[in-house]
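One structure is given below, encoded as structure tokens.
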Amino acid sequence: MKINQNTVLQGKRVTLVPYTSAHVPRYHEWMQSEELQRLTASEPLSLEQEYEMQRSWRDDADKPSYRGRGFGKEATLMMMSYGVRNLGITKFEAKIGQENEASICMFKKLHFKEVAVNSVFQEVTLRLDVSDQERRWLLEQTNHMEEKSYVELKLPAGVLET
């Protein structure tokens with residue numbers, strides 16, 4: 001069981017909930033986009049493979065399983081804050097496709113530093129070591145965030161509450 005299996009993080013514009021099987025059909029639909037596959041360095045999967053991937057995320061004790069609904073910066077800050085406060089994380093690393101300038105720029109705004117470029121995989125590695133100063137900054141950026149309990153809705157497969 002994961003520490004965050006029943007956790008909801010509520011921000012100003014973003015709500016993060018655990019990634020459940022009810023989310024898989026919509027996620028699978030999104031991931032049919034060639035652009036999204038390219039930006040996330042993902043391969044196309046069948047719907048059954050997506051369900052298996054969701055189960056592996058659910059069952060992996062080391063992976064927070066959140067699905068964002070809103071803006072990337074706030075969602076990323078919220079996940080980072082949760083990791084620092086609740087999981088004791090002291091270092092973050094992001095590998096981003098070289099052509100994904102928007103994501104690279106966003107992570108740099110979040111104080112990540114470029115530490116490597118891999119021309120073979122066409123990706124940039126950015127890292128943030130969480131010093132006391134970075135921790136204070138991160139917690140200040142997310143002081144509006146509320147942590148709540150999550151109870152999975154019992155809706156028919158493929159139906160999500162909006």
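The values are calculated or read from the model by the stated rules, or taken from the named source; none is laboratory data. Predicted, not measured: the structure shown is a model, and the values here were computed from it. Glycine also receives a Cβ, built like all others from the backbone with ideal geometry; neighbour counts cover every protein chain displayed. Ligands, DNA and RNA are excluded from the accessible area calculation, which covers all protein heavy atoms including side chains. Shrake-Rupley method; radii C 1.70, N 1.55, O 1.52, S 1.80 Å.
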> Does region 82-97 include one or more residues that are assigned to a helix (DSSP H, G or I) and at pLDDT below 90?
Replying inline: no
>> Need the failing condition index for residue 36 against (1) within 15 Å of the chain's Cα centre (by Cα); (2) in contact (Cβ under 8 Å) with a residue 24 or more places away in the chain, just the number.
In response: (2)
> Which members of region 37-73 meet the condition of being open to solvent by 60 Å² or more (accessible area, probe 1.4 Å) and either more than 30 Å from residue 141 (Cβ to Cβ) or at pLDDT 80 or above (or both)?
Replying inline: 43, 44, 47, 48, 49, 52, 53, 55, 59, 73
> Could we say that residue 1 is exposed (fewer than 11 other Cβ atoms within 10 Å of the Cβ) and modelled with pLDDT under 90 here?
Replying inline: yes
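Here is a yes/no grid of residues against (1) in contact (Cβ under 8 Å) with a residue 40 or more places away in the chain; (2) surrounded by fewer than 18 Cβ atoms within 10 Å (Cβ to Cβ); (3) out of contact with any helix residue (DSSP H, G or I) (no Cβ under 9 Å at 6 or more places or on another chain):
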position	(1), (2), (3)
82	yes, no, yes
89	yes, yes, no
92	no, no, no
96	no, no, no
101	no, yes, yes
108	no, yes, yes
116	no, yes, yes
>> When the residues of region 4-35 are narrowed to those that are open to solvent by 60 Å² or more (accessible area, probe 1.4 Å) and in a helix (DSSP H, G or I), which ends up nearest to residue 103 (Cα to Cα)?
In response: 35
>> Of all residues being modelled with pLDDT of 85 or more, open to solvent by 50 Å² or more (accessible area, probe 1.4 Å) and acidic (Asp, Glu) in region 124-159, which is nearest to residue 4 (Cα to Cα)? Just the residue, please.
In response: 147
